[in-house]
Amino acid sequence: MRYIKVKHLQYCKIILATSVVWFLLDIFLIMYFFECANPTANCETKVKQTEKQGLLKKIFGFGDKAPTGPGEMGKAVHIPKAEEERMKEMFKINQFNLMASDLISVNRSLPDVRMEACKSKSYENSELDTSVIIVFHNEAWSTLLRTIHSVINRSPRHLLKEIILVDDASEREFLGKPLENYIKNLSVPVHVERMEQRNGLVRARLRGAKRSLGKVLTFLDAHCECTTGWLEPLLEEIRKNRRAVVCPIIDVISDDTFEYITGSDMTWGGFNWKLNFRWYPVSQREMDRRGNDRSLPLRTPTMAGGLFSIHRDYFYEVGSYDSGMDIWGGENLEMSFRIWQCGGEIMIVTCSRVGHVFRKLSPYSWPGGVAKILNTNTRRTVEVWMDSYKEFFYKVNPGVKGTDFGDITERLALREKLQCKPFRWYLQNIYPESQMPLNYAYLGEIRQKATNLCLDSMGRKQGENVGAVGCHNLGGNQVFAFTAKKELQTDDLCLDVSAIGGPVKLFKCHGLSGNQLWEYDKETFALKHVNSKQCLGAPKTGDMPTISTCTGEMSQKWLLKDFEWD
Ligand code: UD2
Ligand code: MN
């Protein structure tokens with residue numbers, strides 16, 4: 001009896017001791033998550049903590065279970081109602097939910113989002129290693145650190161030469177000494193370069209590239225999270241072709257909840273007449289080329305710009321970046337046109353996935369003004385690379401012709417030296433699905449002959465009616481092309497009529513004639529919808545343009561000045 005009691009007591013002691021250990025461990029982990037994610041905390045010792053955590057995992061073997069902290073496995077973080085006001089205030093700092101981001105571990109777990117076919121592929125890319133270059137201006141602590149940790153945690157060590165951070169003259173204290181102290185303790189060499197003054201991402205990336213030692217350069221934005229197996233397939237494509245410039249699929253990290261949301265492997269990069277980068281569906285042509293195997297890299301006409309790998313030597317051979325570009329914007333299309341026109345190749349490697357926090361607004365200042373910066377950068381792109389197709393941009397933005405875009409002689413000399421192909425070749429061979437018609441008889445406003453009424457897309461979307469309002473001579477939504485395929489096109493939409501008597505709608509241009517086929521008669525000024533044999537008319541301002549029996553009345557007469565086939 002007594003023996004049983006003693007035994008009982010011993011069991012109790014063991015249970016008690018185990019509980020205490022678990023309790024302490026819990027506290028430790030909670031402290032770890034919160035302290036590490038807090039931008040104002042002193043983070044010097046965090047890495048040691050991470051190492052300790054790893055050790056504890058080994059000893060206790062509980063590391064295999066999925067962690068359950070905020071945002072783990074890429075889950076959304078919801079802020080309690082009581083904190084909403086503070087959350088909204090914090091949102092303004094970076095234009096994403098900083099409070100949510102700060103709650104999430106810098107080492108948070110993510111699901112393996114690759115398609116099944118990708119998981120069994122093997123790669124031989126041991127001969128190439130990469131420098132990862134991350135430029136930032138006033139980035140948040142938690143997003144920057146999560147980018148760095150996700151690179152370290154999910155890249156095979158032998159493929160990762162180093163991480164280079166380039167601080168584009170940030171004004172936040174924690175990005176100074178505290179950051180330098182933090183990165184000293186990481187298991188991969190991390191360097192910080194500081195720009196003396198605000199330069200923008202192009203010159204910051206050039207600075208990072210200059211001091212890099214890896215054979216490949218991999219650029220990432222400062223608010224990314226790399227997933228399992230992201231790096232190997234990128235390097236593999238460069239090993240196969242050193243002129244390949246490769247991007248991962250860019251998944252979405254919600255700016256609101258930081259949920260990891262998988263992006264589509266069925267979109268690629270394009271651009272519209274305004275020279276904005278846009279995602280569009282991958283063409284059937286490209287699907288066929290890959291034999292419908294979605295796990296094969298896809299050739300994309302343009303890249304988003306933020307996340308890509310390129311062979312270091314090739315980067316310089318092909319003209320690195322246009323250092324005349326300021327702050328933000330334009331460099332992604334410039335590089336896309338340059339790579340394709342000068343003999344390279346841009347691919348989205350669908351087996352590589354990296355998340356990125358897409359924002360609705362820009363969080364930082366634009367010295368000299370947004371318009372000036374964007375117009376300068378875009379003018380440099382169109383003037384060097386687009387030949388006569390730059391007219392689309394200028395017709396839509398006639399005002400930019402007054403923007404001084406600096407000297408481009410060096411860039412033109414580069415194009416000459418590399419014997420790069422014309423933009424027309426690019427449109428024909430790389431991007432035949434583009435919204436830029438290869439040939440057209442007219443580009444400009446479509447004005448009613450006897451009035452001041454112009455056709456106007458009103459900035460409406462696919463499926464909506466086209467409008468007609470007073471001509472403003474400012475380009476924009478009043479620019480139309482009469483294409484060689486006899487479409488009336490405005491940016492990426494075409495005038496489309498599917499019923500006798502209208503309405504005239506905006507639809508994606510399909511290039512198959514049908515409801516989008518028009519004729520223009522220079523003598524009678526009539527715009528005739530071929531299928532219905534009716535004419536375009538617009539009774540008066542405010543009324544929707546329609547089609548009706550061709551009568552030759554004034555409301556059916558349209559001026560397409562200098563209408564001419566090439
Ligand atoms: C996209 C690209 C971005 C860049 C941009 C066009 C992706 C995911 N992102 O916009 O990389 O190509 O299009 O220019 O494809 N930064 C500086 N200095 C500045 C401004 C920005 O260092 O003056 C940094 C910024 O902290 C960030 C990176 O440059 O790390 C890109 O800026 P962003 O995140 O505002 O650009 P994003 O994603 O809207
Ligand atoms: Mn970004």
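Structure notes:
- A straight chain from ASP288 to ARG424 at 0.36 nm per residue would run longer than the Cα-Cα distance by 46.6 nm.
- Interchain or long-range residues, amide H under 5 Å from TRP268's placed H: TYR280, VAL282
- Residues MET554, MET99, MET195, ranked from the fewest to the most other C-beta atoms within 10 Å, line up as MET554, MET195, MET99.
- Phi to ³J(HN,Hα) by Karplus 6.51 cos²θ - 1.76 cosθ + 1.60 over segment 437-447, Hz, x for Gly, Pro: x, 4, 10, 7, 8, 7, 9, x, 6, 10, 9
- For segment 86-357, fraction of C-alpha pairs farther apart than 28 Å, in %: 31 percent
- Dipole moment magnitude, nearest 20 debye, segment 86-357 about Cα centre, only Lys, Arg, Asp, Glu C-beta charged: 280 debye
- Folded to 0 to 90 degrees: helix 84-94 orientation relative to the chain principal axis, Cα: 70 degrees
- Computed packing ranks the peptides 155-168, 220-233 as 220-233, 155-168, most packed first, by mean other Cβ atoms within 10 Å.
- Overall Cα dimensions of the chain - principal axes, largest extent first, Å: 114, 57, 48
- Packing-based order for 456-466, 354-364, using average beta carbon neighbours within 10 Å, highest first: 354-364, 456-466
- The fewest-to-most ranking of LEU427, LEU234 by surrounding Cβ atoms within 10 Å reads LEU427, LEU234.
- For segment 442-527, the spread of Cα positions along each principal axis, largest first, Å: 31, 31, 25
- Label sites at VAL370 and GLU259, each approximated as a point 7 angstrom past Cα along Cα to Cβ, lie 2.7 nm apart.
- Lys, Arg +1 and Asp, Glu -1 on Cβ, resulting dipole of the chain about Cα centre, debye, nearest 20: 1280 debye
- Near CYS494, the amide H atoms lying under 5 Å from its own belong to PHE507, LYS508, CYS509; only residues 5 or more places off or on other chains count, and H is placed 1.01 Å from N.
- Residues with amide H under 5 Å from that of ASP456, placed H, sequence gap 5 or more: GLY467, ALA468, VAL469
- Spatially, segment 189-239 and segment 306-350 are offset by 13 Å when compared through their Cα centroids.
- Computed from label points 7 Å out along Cα-Cβ, the spacing between LEU213 and ASP387 is 4.5 nm.
- Taking packing as the residue-averaged number of other Cβ atoms within 10 angstrom, the listed peptides 315-326, 488-499, 197-208 run from highest to lowest as 488-499, 197-208, 315-326.
- What the phi angles of segment 180-186 give under the Karplus curve with 6.51, -1.76 and 1.60, with θ = phi - 60°, is a coupling list of 4, 5, 4, 6, 4, 8, 7 Hz, glycine and proline written as x.
- For a paramagnetic label modelled on MET266 (point 7 Å from Cα along Cα→Cβ), amide N atoms under 20 Å away belong, within segment 314-351, to 348-351.
- Equivalent ellipsoid dimensions for segment 164-203 as semi-axes, Å, which come from the Cα gyration tensor, largest first: 20, 13, 6
- Oblate is the label for segment 69-209. Its Cα gyration tensor axes, ordered a ≥ b ≥ c, give a/c of at least 1.5 and b/c at or above a/b.
- Computed from phi, the 3J(HN,Hα) profile of segment 393-409 under the Karplus parametrisation 6.51, -1.76, 1.60 (θ = phi - 60°) reads 5, 5, 5, 6, 10, x, x, 6, 4, x, 6, 6, 10, x, 9, 10, 4 Hz, with x in place of Gly and Pro.
Computed from the coordinates by the stated procedures, all read-outs in this text should not be read as laboratory data. Because the structure is a prediction, the values reported are computed rather than measured. Methodologically, a virtual Cβ is constructed for each residue, glycine included, from the backbone with ideal geometry; neighbour enumeration extends over all protein chains shown.
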